[in-house]
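The values are calculated or read from the model by the stated rules, or taken from the named source; none is laboratory data. The model shown is predicted, which means the values in this text are computed figures rather than measured ones. Here the Cβ positions follow ideal geometry from the backbone for every residue, glycine too, while neighbour counts run over all protein chains shown. All accessible areas refer to the heavy atoms of the entire protein, side chains included, with ligands and DNA or RNA removed. Shrake-Rupley method; radii C 1.70, N 1.55, O 1.52, S 1.80 Å.
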Amino acid sequence: MSTTFTIDTATSRATPVSAPMKRLTVPAIRARKAAIAGGTGEPLVMLTAYTVRMAQLMDPHCDMLLVGDSLGQVIYGLPSTVPVTMEMMAAHGAAVVRGSHHALVVVDMPFGSYEASPAQAFESAARLMKDTGAAAVKLEGGTAMAPTVQFLSERGIPVVGHIGLTPQAVNALGGYGARGRSPAEARKIVADARAIAEAGAFAIVIEGVVEPIAVDITQAIDIPTIGIGASAACDGQVLVAEDMLGLFERTPRFVKRYGDMAGFVAERARLYAEDVRARAFPTAEQLYAPRE
């Protein structure tokens with residue numbers, strides 16, 4: 001059953017919801033696996049958010065909001081997610097938490113902040129959770145990262161895993177192509193999923209894999225799978241919100257564009273520029289008259 005949330009009239013730009021909704025929890029998200037399998041639960045909805053306003057708009061419709069390191073490309077124009085810093089993730093994570101009241105907020109751990117050791121990962125994850133107020137962190141990697149996932153989980157830090165196409169490893173992978181096309185690579189991805197689930201992750205993102213692999217993983221593990229370029233059979237889906245909205249002309253194959261925000265914004269900018277140059281803006285409606 002779908003749930004409809006009512007957003008009250010805004011009292012300010014920062015706080016448009018006067019009565020906060022109860023935020024979803026890690027156990028509630030994990031429990032959806034059984035509900036979905038039993039036919040009593042809906043697939044999980046996840047979108048990225050990097051700012052207060054986008055969080056406000058996405059929050060009523062999402063189970064989870066992901067403060068993805070994709071902000072490096074979407075917000076900062078970086079060539080990949082590799083240069084993203086802890087400071088970036090902390091600042092944007094805190095903004096998304098402030099702008100949301102319902103969805104569980106997950107913050108990506110940036111490249112270089114967790115790979116060296118479980119202790120390094122704990123220090124980074126604890127900092128992100130303290131600085132942002134987020135409920136969980138996400139990290140990339142499979143079997144090699146399982147000890148780190150277990151270390152974090154045992155110390156009270158909820159973890160979302162990420163396997164398949166892992167953007168932080170783009171240099172090692174040689175690009176953003178789909179993974180799992182060879183039998184050996186397919187077996188490795190399934191093994192990675194099992195290892196991360198057994199290590200204590202409460203959900204796992206499966207990105208850019210050959211479709212049957214995502215189906216096999218979803219059936220094989222007992223935590224929710226969140227697909228992105230994976231399979232409709234996953235327990236949920238995630239997209240970069242700006243891709244979904246059509247803010248970029250070029251998007252990955254797995255993106256469904258639900259609008260043309262790039263065209264909308266460009267056209268409004270053109271109309272504004274036309275009015276300014278014709279001195280049609282501002283008019284008396286936008287100006288302050290002197291006191292009588």
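Can you report the number of residues in segment 21-38 which are of a type in the set (D, E, K, R) and open to solvent by less than 70 Å² (accessible area, probe 1.4 Å)? Can you show your working first?
Residues of segment 21-38 that are of a type in the set (D, E, K, R), as a first pass: 22-23, 30, 32-33.
Remaining after also requiring open to solvent by less than 70 Å² (accessible area, probe 1.4 Å): 32-33.
Residues that pass the stated criteria total 2.
Here 116, 172 are screened, and the one residue that is open to solvent by 30 Å² or more (accessible area, probe 1.4 Å), in a helix (DSSP H, G or I), aliphatic (A, V, I, L, M) and without any contact (Cβ under 8 Å) to a residue 24 or more places away in the chain is 172.
Candidates 143, 148: the one that is surrounded by fewer than 24 Cβ atoms within 10 Å (Cβ to Cβ) and either under 18 Å from residue 24 (Cα atoms) or at pLDDT 95 or above (or both) is 143.
Summed over segment 66-111, residues that are among the small types (Gly, Ala, Ser) and without any contact (Cβ under 8 Å) to a residue 12 or more places away in the chain total 2. Of everything in segment 66-99 that is under 21 Å from residue 46 (Cα atoms) and charged (D, E, K, R), the residue that is most open to solvent (accessible area, probe 1.4 Å) is 98.
Restricting 48, 132 to those that are open to solvent by less than 20 Å² (accessible area, probe 1.4 Å), within 16 Å of the chain's Cα centre (by Cα), polar (S, T, N, Q) and under 27 Å from residue 154 (Cβ atoms) reduces the list to 132. It is to be established whether one or more residues within segment 230-251 are open to solvent by 20 Å² or more (accessible area, probe 1.4 Å), of a type in the set (Phe, Trp, Tyr) and out of contact with any helix residue (DSSP H, G or I) (no Cβ under 8 Å at 6 or more places or on another chain). There is no residue in segment 230-251 that is open to solvent by 20 Å² or more (accessible area, probe 1.4 Å), of a type in the set (Phe, Trp, Tyr) and out of contact with any helix residue (DSSP H, G or I) (no Cβ under 8 Å at 6 or more places or on another chain).
Whether any residue in segment 181-188 is within 21 Å of residue 69 (Cβ to Cβ), in contact (Cβ under 8 Å) with a residue 24 or more places away in the chain and either open to solvent by 40 Å² or more (accessible area, probe 1.4 Å) or not in a strand (DSSP E or B) (or both) is what I want to check.
Keep residues of segment 181-188 that are within 21 Å of residue 69 (Cβ to Cβ), which gives none.
Among the residues of segment 181-188, not one is within 21 Å of residue 69 (Cβ to Cβ), in contact (Cβ under 8 Å) with a residue 24 or more places away in the chain and either open to solvent by 40 Å² or more (accessible area, probe 1.4 Å) or not in a strand (DSSP E or B) (or both), which makes the answer no.
Elements of the type helices (runs of 4 or more DSSP H) sitting completely within segment 204-289 and holding at least 1 residues that are touching an Asp or Glu at 6+ places or on another chain (Cβ under 8 Å) and closer than 18 Å to residue 188 by Cα: these cover 211-220.
Looking only at residues in segment 145-169 that are assigned to a strand (DSSP E or B) and not hydrophobic (A, V, I, L, M, F, W, C), which one is farthest from the chain's Cα centre (by Cα)? I'd like the intermediate steps shown before the answer.
Within segment 145-169, the subset assigned to a strand (DSSP E or B) is 159-164.
Next, only the ones that are not hydrophobic (A, V, I, L, M, F, W, C) stay: 161-162, 164.
Details: 161: 12, 162: 11, 164: 16 Å.
In this case the residue turns out to be 164.
Which one is surrounded by the fewest Cβ atoms within 10 Å (Cβ to Cβ) among residues in segment 190-203 that are part of a helix (DSSP H, G or I) and under 21 Å from the mean Cα position of the chain (by Cα)?
First, pick out the residues of segment 190-203 that are part of a helix (DSSP H, G or I): 190-199.
Add one more test, that the residue is under 21 Å from the mean Cα position of the chain (by Cα), and what stays is 192-193, 196-197.
On the way: 192: 24, 193: 28, 196: 28, 197: 22.
Selected residue: 197.
The residues in segment 51-65 that are over 10 Å from the mean Cα position of the chain (by Cα) and open to solvent by less than 50 Å² (accessible area, probe 1.4 Å) can be counted, and the count is 9. Summed over segment 151-169, the residues that are open to solvent by less than 20 Å² (accessible area, probe 1.4 Å), touching a helix residue (DSSP H, G or I) at 6+ places or on another chain (Cβ under 8 Å) and closer than 21 Å to residue 25 by Cβ give a count of 4.
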